[in-house]
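The values are calculated or read from the model by the stated rules, or taken from the named source; none is laboratory data. Everything quoted here is computed from the prediction, not taken from an experiment. Neighbour counts run over all protein chains shown; Cβ positions are idealised from the backbone, glycine included. With ligands, DNA and RNA removed, areas are computed over all heavy atoms of the protein, side chains included. Shrake-Rupley method; radii C 1.70, N 1.55, O 1.52, S 1.80 Å.
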Amino acid sequence: PSTPAMDVGSALHCAVLEPRKFSRSYKQAPEGARRSSKPWKEIEEKNPKATILRYNEYQEVINMRDSLATNKEAMSLLDGGHKEVSITWTDSYTGLDLKCRIDQCVMTDDDAIVIDLKTTQDASPRAMARRMITDPYHYLLQMAWYQRGFEELHGVKPRVVIIAIEKSMGYPTAVYDVQPTDVDMASAEVSEILEMCASAYESKDEGHYTRR
């Protein structure tokens, strides 16, 4: 089930990447209203298809969106391209049917980029570096996965960029170009994971699934 933190993250993605959809899909509860209160239920009844955010959660999304708008590098990357892109493919080695959903991708005559938007408590280089390789985040594996999906679709290996937005007061933002060598190492690990998955499916089909 979705948590309030997940709702805020999804709302920010929508506000940044699909602003027209945001105004329809997310509504702000009255200040101080609780989820079970009458004012909250009235908002839900008027907007049955929308996600209702607490007053301060909605304001947080707006503040993060507005802060990002002041980052010229980030806005330049987000200008154009395709947003919220779903890609499906069949892995040529394992035969597994795979999919990914990319926040934004851009392809021009001389460049291809996969962009991922992250909300975080700390957007500093040190904190983001930890999250690239530690539980439960593993951003680097995510980026390798998105790169793989894009390459399967277009036949071009894109560079990978993370745009990070802090959820703390001031809402600082940062743009990180992920090193190609790091993505390549993560991609090799993705291949190993896929082989394990394929092996597990095969063992299960044969009636002797082994937990690894």
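So the values come out like this:
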read-out	value
Most positive-pole-ward Cα, Val183, Thr119, Ser203, against dipole of the range 108-212 from beta carbon charges	Thr119
Separation of the Ala188 and Asp111 label points, Cα + 7 Å toward Cβ, nm	2.9 nm
Trp40/Leu17 FRET efficiency (R0 22 Å; Cβ-Cβ; nearest 0.05)	0.25
Peptides ranked, highest mean first, by Cβ atoms within 10 Å: ranges 174-183, 143-152, 111-120	143-152, 111-120, 174-183
Asp122 paired with Tyr93, simple spin-label distance in nm, labels 7 Å along Cα-to-beta-carbon	3.5 nm
20 Å Cα-Cα threshold exceeded, pairs from Lys49/Lys167; Lys21/Lys167; Lys72/Lys118; Lys38/Lys167; Lys21/Lys83; Lys49/Lys99	Lys49/Lys167; Lys21/Lys167; Lys38/Lys167; Lys49/Lys99
Full-stretch length increase - Asn56, Glu195 - with 0.36 nm per residue and alpha-carbon distance subtracted	45.6 nm
With every protein chain in place, the chain: carbon and sulfur % of accessible area (1.4 Å)	50 percent
Computed over the range 31-101: relative contact order in percent, which uses C-alpha pairs under 8 Å that are six or more apart	17 percent
Dipole-positive endmost among Trp145, Leu98, Met128 within the range 97-192 (Cβ charges, Cα centre)	Met128
Nearest-20 debye value, the range 55-152 charge dipole, Cβ charges on Lys, Arg, Asp, Glu	340 debye
Mean separation of Cα contacts under 8 Å (6+ apart) over length of the range 59-143, as relative contact order %	16 percent
Total charge dipole magnitude, the range 40-109, about the Cα centre, Cβ charges on Lys, Arg, Asp, Glu only, Debye to nearest 20	180 debye
Helix-only [θ]222 nm of the chain, DSSP H runs n ≥ 4, -39500 (n - 2.57) each, per residue, nearest 500	-15000 deg cm²/dmol
Relative contact order (%) - criterion: Cα under 8 Å, at least six apart; region: the chain	16 percent
Positive-end residue of Val16, Val85, Trp40, charge dipole of the range 1-96 with Cβ unit charges	Trp40
Unit charges on C-beta of K, R, D, E only; dipole of the range 72-212, Debye	560 debye
